[in-house]
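First the structure, in the form of structure tokens, and then the observations on it.
The values are calculated or read from the model by the stated rules, or taken from the named source; none is laboratory data. The structure displayed is predicted, hence computed values, not measured ones. All Cβ positions, glycine included, derive from the backbone under ideal geometry; neighbour counts span all protein chains shown. SASA here: full protein model, heavy atoms, side chains in, ligands and nucleic acids out. Shrake-Rupley method; radii C 1.70, N 1.55, O 1.52, S 1.80 Å.
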Amino acid sequence: MIINVNYQRMDVEIDLNIKQLFSLLKCDLDGHAVAVKQQVIERQKWASYQLQENDVVSVFQAIAGG
Amino acid sequence: MLTDPEVLRYSRHLLLQDVDVTGQEKLKNSKVLIIGMGGLGSPAALYLAAAGIGTLIISDFDVLDVSNLQRQIAYSTADVGKYKVLAMKQRLEALNPQIRIRSINKEMSQEQLSMELSMIDLVLDCTDNMHSRQKINTACVQTKTPLLVGAAIRMEGQLMFFDNKLSDSACYHCIFPQNSDESLNCSNSGVLGPVVGIIGTMQALEAIKFIVGIPSELKNKLKLFDAKTLEWQTFSINKNLQCAVCGAIS
Ligand SMILES: [Zn+2]
């Protein structure tokens, strides 16, 4: 299925969850937040949250600077 | 009650229906704590002092370095080597002698922070490291103090608002639970001056709106600013019932 991650089109297998998406992105889980359709998904739900076709996913890091 | 000099000084607020005399009096009676007098704190403190926040408490323990001047626009070259809060206090008093400014020139312990928070209406987190951000968030949740978070690095910024007086408020830890400082800050990564300026200015704007009572869209939201495209993205944050900081507090 097609999903959109940080403005990039990705072709992924059906039922991919957020945790699996992180390993696909070769991105470490710590320090990141994930939002699906503009809603931040709680960390403890990442392993069970299954992405849907055409989901718009945003992955971003905490910024500490100021 | 506003004095005659205040009516003159704040006339452009008084002409605004959303502020008016009632709003200006709220600003006059408010107490705001700004933690961090760097690139975010510079515009935030200048705008809040100019707006007539009755009591501004400014906190930082750093000495001004010449490399700060590229983005910390409240200071001048002659201030290099001075404590930032002392230089800032002088700058703000010169800007608006009709308000009270108190400076805290050291890193506050959790207890001291909680004590300060119990006496104020709103905190602006303008710090530059994760440890301080987590400490401020914890104290704000415990004391039910509204918290406006700003952050910026490279060419991106983040803005969040948590009204901890509300039982359904999320907190900073709900979205960013890590304590380590491996996330980037301005000392180990670059930043464009106007990017911190934009985020610090947004913090000042939201602070004024909150105190006056102008509804804000920022509650339980995270806004990401991309300085390359000038795009803002907005995300909703739900209170995480398993959050180690706010989860047990209802
Ligand atoms: Zn929380």
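Here are the numbers for the structure shown:
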{"item": "Projected-area mean, region A:2-61, by convex hull of Cα positions, square nanometres", "result": "3.6 nm²"}
{"item": "Amide H contacts under 5 Å for B:V191, placed H, 5+ residues apart", "result": "B:R154"}
{"item": "Total charge dipole magnitude, chain A, about the Cα centre, Cβ charges on Lys, Arg, Asp, Glu only, Debye to nearest 20", "result": "160 debye"}
{"item": "Burial of 50 Å² or greater, region A:43-66 residues [accessible area, probe 1.4 Å, versus chain by itself]", "result": "A:R43, A:Q44, A:F60, A:A62, A:I63, A:A64, A:G65, A:G66"}
{"item": "Note, ³J(HN,Hα) from phi for region B:56-67, Karplus 6.51, -1.76, 1.60, rounded to Hz, x at Gly and Pro", "result": "10, 10, 10, 9, 5, 10, 8, 9, 5, 10, 4, 6"}
{"item": "Chain A - percent of accessible surface contributed by carbon and sulfur, probe 1.4 Å", "result": "47 percent"}
{"item": "Contact order relative to length of region B:4-236, as percent, for alpha carbon pairs under 8 angstrom and 6 or more apart", "result": "21 percent"}
{"item": "Fraction of alpha-carbon pairs over 29 Å apart in the protein assembly as shown - percent", "result": "38 percent"}
{"item": "Cα-based shape type of region B:21-179, given that a ≥ b ≥ c are square roots of the gyration tensor eigenvalues and the cut on a/c is 1.5", "result": "oblate"}
{"item": "Set of region B:95-124 residues, backbone N closer than 14 Å to the point 7 Å along the Cα-Cβ line of B:S76", "result": "B:95"}
{"item": "Total accessible area lost when B and A pair, probe 1.4 Å, Å² to nearest 100", "result": "2200 Å²"}
{"item": "Accessible heavy-atom area order of B:S59, B:S76, highest first, probe of 1.4 Å", "result": "B:S76, B:S59"}
{"item": "Accessible area of B:L124 in the full protein assembly, 1.4 Å probe (Å², nearest 10)", "result": "0 Å²"}
{"item": "Estimated distance in nm for a label pair at B:E111 and B:N238, the labels positioned 7 Å out from Cα along Cα-to-Cβ", "result": "3.9 nm"}
{"item": "Inter-part distance where region A:8-66 and region B:54-80 are each reduced to a Cα centre, Å", "result": "38 Å"}
{"item": "Dipole magnitude of chain B, debye to nearest 20 (Cβ charges: Lys/Arg +1, Asp/Glu -1, about Cα centre)", "result": "200 debye"}
{"item": "Which of B:A74, B:N137, A:V59, positive extreme of dipole for the protein assembly as shown (C-beta unit charges)", "result": "B:A74"}
{"item": "Full-extension gain in nm, B:S118 to B:V7, via 0.36 nm per residue minus C-alpha separation", "result": "36.9 nm"}
{"item": "Highest-MSF residue in chain B out of B:L15, B:L147, B:L69 [GNM, Cα springs under 10 Å]", "result": "B:L15"}
{"item": "At least 24 Å along the helix axis (C-alpha) and Kyte average at least 0.0, DSSP helices within chain B", "result": "B:193-212"}
{"item": "For the protein assembly as shown, share of DSSP beta bridges that run antiparallel, in % to the nearest 5", "result": "60 percent"}
{"item": "Residue-level accessible surface for B:D20, protein heavy atoms, 1.4 Å, Å²", "result": "60 Å²"}
{"item": "Antiparallel DSSP beta bridges within region B:4-236, as percent of all bridges there, nearest 5", "result": "50 percent"}
{"item": "Residue-wise HN-Hα coupling along region A:16-28, computed from phi with Karplus coefficients 6.51, -1.76, 1.60 (Hz; x: Gly, Pro)", "result": "4, 9, 5, 4, 5, 4, 4, 6, 4, 7, 6, 10, 7"}
{"item": "Among A:Q44, A:Q52, A:Q20, residue whose mean-square fluctuation peaks in a GNM of chain A (springs only between Cα atoms under 10 Å)", "result": "A:Q44"}
{"item": "Table column - 3J(HN,Hα) (Hz), region B:3-11, Karplus curve with 6.51, -1.76, 1.60, x for Gly and Pro", "result": "7, 4, x, 5, 4, 5, 4, 9, 4"}
{"item": "Summed residue charge, Cβ within 9 Å of B:V63's Cβ, Lys/Arg positive, Asp/Glu negative", "result": "0"}
{"item": "Potential extension, B:K228-B:V21 segment - 0.36 nm per residue separation minus Cα distance", "result": "70.6 nm"}
{"item": "Rounded percent of accessible protein surface that carbon and sulfur make up, region B:4-236, 1.4 Å probe", "result": "54 percent"}
